[in-house]
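Beneath this line is the structure, given in structure tokens, with notes to follow.
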Amino acid sequence: MMFKKTLMAMALGGTVAATAQAGEVEVLHWWTSGGEARSIAVLKEMVQDAGHTWKDFAVAGGGGENAYTVLRSRAVSGNPPAAAQIKGLEIQEWGDLGFLASLEDVANENNWDQVLPEVVSDVMKHDGDYVAAPVNVHRVNWMWANPDVFENAGVEMPTTLDELWDAADQLKAAGVTPIAHGGQPWQDATTFESIVLAVGGADFFADVFVDHDAEALESDTMTQAFREFKKVKDYIDRGAPGRDWNVATSMVIRGEAAMQFMGDWAKGEFTAANMTPGEDYACLPFPGTQGEFTFNIDSLAMFKQRTASNSEAQMKMAELVLSPEFQETFNLNKGSIPARTDMDMSAFDSCALASMDTFKQTANSGEGLVPSMAHGMSTTSTVQGAIYDTVTEFFNSDMSAEDATTRLARAIRAAQ
Amino acid sequence: MSVSNKKGLDYWLPKLVVSPTVAITVIFFYGFVIWTAVLSFTKSRILPQYEFVGFDQYVRLFLNDRWMGALTNLLVFGVLFIAICMIVGLIMAVLLDQNIRAEGALRTIYLYPMALSFIVTGTVWKWLLNPTVGIERFIRSLGWDSFTFDWIIDPNMAIYTIVIAGVWQASGFVMAIFLAGLRGIDTSIIKAAQLDGASLFSVYTRIIIPSMRPVFFSAFIMLAHIAIKSFDLIIALTGGGPGNSTDVPAIFMYQFSFQRGQLGMGAASAIIMLMTVLAILVPYLYSELRTPKNG
């Protein structure tokens, strides 16, 4: 059996080498919704134009859990796809297991170190070698607002946390739902991390969610963040538990709610409703986090391949992923910004431009750029899960902020 | 010669036909149960690995607040779900047993929910129970402005909405089991009792229901395993929320094994679930299956 396989591989390798170095790349991803599917189709075309075969391996399911399960069984059986949509700390976990291929040659040839900010390349590297290629950068700490609703209620859009609660009180008095929220653990965590950033600042955020520093975790600042987070509950509607994020976005679109705290993937919903940024809807940094940027980077990690031709096709694809053409088309469709900072941004809208400005500024100064906890950028899925549990439990019960602080610190310790 | 050949075929054929099923069951059921048990003693994270750590994963499991919450929820849900299904199913079966008109049609109507998947049931009840679109809003629109029915968004009450949806789905099925049981009882006993002047009520409580012991047994087994492995209904209805208030062991197990890269702890929780099922079923099976032999 084994022998037969080897023979076949040899024969296959032989014929391929004899004709041309055309390989096949199999890409596991869950970009299956309209705009996302269009985005990835661009890469497929580019790979095919380069003379290689593209084997699409899309596994539906927004959060990628299904795809992730398939990937693990493929990896265990020794037959991983060429590339898989893996992000954040998971890249390190796969790297530790020895599955990922080094992209150093491609990276050096194409100056990845120069075009990518260091925070991005750190996420893509395992033991100093590039093992994944970033496709985009999402900003998580956004506030999406409906200006008409604010105007009708005679309220200014908030820029600090105090202003936020003021505005929310007035909006509530005017009879609209101030905050559109979906009560799912990851959405609770998304709002919570923005509040931690607003209350404690970027350094505190990093202490808590990246380093899990015990002192920071048990500090009064943390308790204060929990207290502010609980206030959100006064300004959401009763239908919030279990609501999907895009349903919450549509509440803002229809003017039933004034604002939503969500990453920039929400922009796709506004675009689909034919709304123009700056006129029909406003994208503002989460109150109190101006000049700070919580990033969430999607990436394709490259798995070690068995045949030389497939490896070559894989390297070609890695190069294409970071090409300015792909980065532009993909991110125009997806609502995010390119991972390269040297690109012409003229095709992008005002929200993306604002996002890019803050991104460059924070990346250059090294201050205010933090990895998103809620989206798996700052810590392992284990610790992230423990944080989710505590945050959502706190938000949905009458637990005191002091207890929540203690429990969060304990849960993080236990999960490490 | 020919006789012995024929005997050989008779002897081997059934075994041959059954063997693939047996092999598949042994490998894919018992084999994987054993594998899960082995994994629960390792420090496996995102992939299986075989570095043994003893009972560490079990200790971590029982120190986890969420797991303890999930167990409590399972207890509340399981007891209520099984009890209410049995009571409602029995009452419906007895009422249908009164030689009523259109019994066939009614039976089908009651059985229909079972034909739906739990995902459908969960989604429909999610909408019905949602205070901003469902029952509460409907009653309020009829004029009862203060009517409130918001269990699904109340962390203390949400687990009961799972019971409601579960009972709606499964009680018709329990009714069918009971009805079959009722029909299986020898009518001459009932007639004899009636000749002795027993009322209809005492015929049911003294004769029919006690003689349906095996039927209760099978209904209980069916419902207990639906309760313990319940996953899809809760995912569709509340997603385990609000917060973690409707979390159950099956959801916990899935999330920890497949989403959070804690295969070892997930396996430990799966083994605890298996133990729970065995702890309920083994004594019951033992007492139920032993009595006919002695009696």
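Rule-based calculations on the coordinates, nothing more; no lab input. What you are looking at is a predicted structure, and each value in this text was computed from that prediction instead of being measured. Note that each Cβ is placed from the backbone with ideal geometry, even for glycine, and that neighbours are counted across all protein chains shown.
Annotations
- Dividing the helix sum by the residues of chain A, where each DSSP H run of 4 or more adds -39500 (n - 2.57), gives a mean residue ellipticity at 222 nm of -16000 deg cm²/dmol.
- Cβ-derived FRET efficiency at R0 30 Å, B:R140 paired with B:L95, nearest 0.05: 0.35
- By average C-beta atoms within 10 angstrom, highest first, the peptides B:233-241, A:301-309: B:233-241, A:301-309
- Neighbour counting of Cβ atoms within 10 Å sorts the residues B:K15, A:K230, fewest neighbours leading, into B:K15, A:K230.
- Over chain A, relative contact order from alpha-carbon pairs under 8 Å, at least 6 apart, %: 27
- Segment A:A41..A:R254, full-extension length gain: 73.6 nm, with 0.36 nm per residue of separation and the alpha-carbon distance subtracted.
- Amide hydrogen proximity for A:A374: with H placed 1.01 Å from N in the peptide plane, no residue at 5 or more positions away or on another chain lies under 5 Å.
- Estimated from helical segments only, the mean residue ellipticity of chain B at 222 nm is -22000 deg cm²/dmol, where each DSSP H run of four or more residues counts as -39500 (n - 2.57).
- Residues A:H29, B:H225, sorted so that the one with the fewest Cβ neighbours within 10 Å comes first: B:H225, A:H29
- Taking a ≥ b ≥ c as the square roots of the eigenvalues of the Cα gyration tensor, an a/c ratio of 1.5 or more together with a/b larger than b/c marks chain A as prolate.
- Relative contact order for the stretch B:60-289, counting Cα pairs under 8 Å that sit 6 or more residues apart, in percent: 31
- Here the simple spin-label model places points 7 Å from the Cα toward Cβ, and for B:L111 and A:E215 these points are separated by 7.1 nm.
- Derived scalar couplings between HN and Hα for the stretch A:216-230 equal 5, 5, 9, 6, 5, 4, 5, 4, 4, 4, 4, 4, 5, 4, 5 Hz in order, rounded to whole Hz, by the Karplus curve 6.51 cos²θ - 1.76 cosθ + 1.60 (θ = phi - 60°), x for Gly and Pro.
- Cross-link pairs A:K44/A:K316; A:K87/A:K230; A:K55/A:K334; A:K87/A:K304; A:K125/A:K267 - those with Cα-Cα distance over 20 Å: A:K87/A:K230; A:K55/A:K334; A:K125/A:K267
- Volume of the Cα convex hull of the stretch A:339-416, divided per residue and given in Å³: 139
- Where GluC sites (Glu not before Pro) fall in DSSP loop in the stretch A:244-321, at most 16 other Cβ within 10 Å: A:E256, A:E279
- Measuring r between the beta carbons of B:A37 and B:V59 and using R0 = 22 Å, the FRET efficiency lands at 0.85.
- Note on the stretch B:60-289: the C-alpha convex hull projects to 16.2 nm² when averaged across all orientations.
- Taken residue by residue and averaged, Cβ atoms of other chains lying within 10 Å of the Cβ of B:260-266 number 4.
- Exposure proxy order (Cβ contacts within 10 Å, fewest to most) of A:D298, A:D403, A:D49: A:D49, A:D403, A:D298
- Tensor-based shape of the protein assembly as shown (alpha-carbon gyration tensor, a/c under 1.5 rounded, otherwise prolate or oblate): oblate
- Extension gain from B:L278 to B:Q49, taking 0.36 nm per residue of separation minus the Cα-Cα distance: 79.7 nm
- FRET efficiency, A:D344 to A:M275 (Cβ-Cβ, R0 22 Å, nearest 0.05): 0.30
- Average projection area in nm² (convex hull over Cα atoms of the stretch A:268-367, one quarter of hull surface): 8.3
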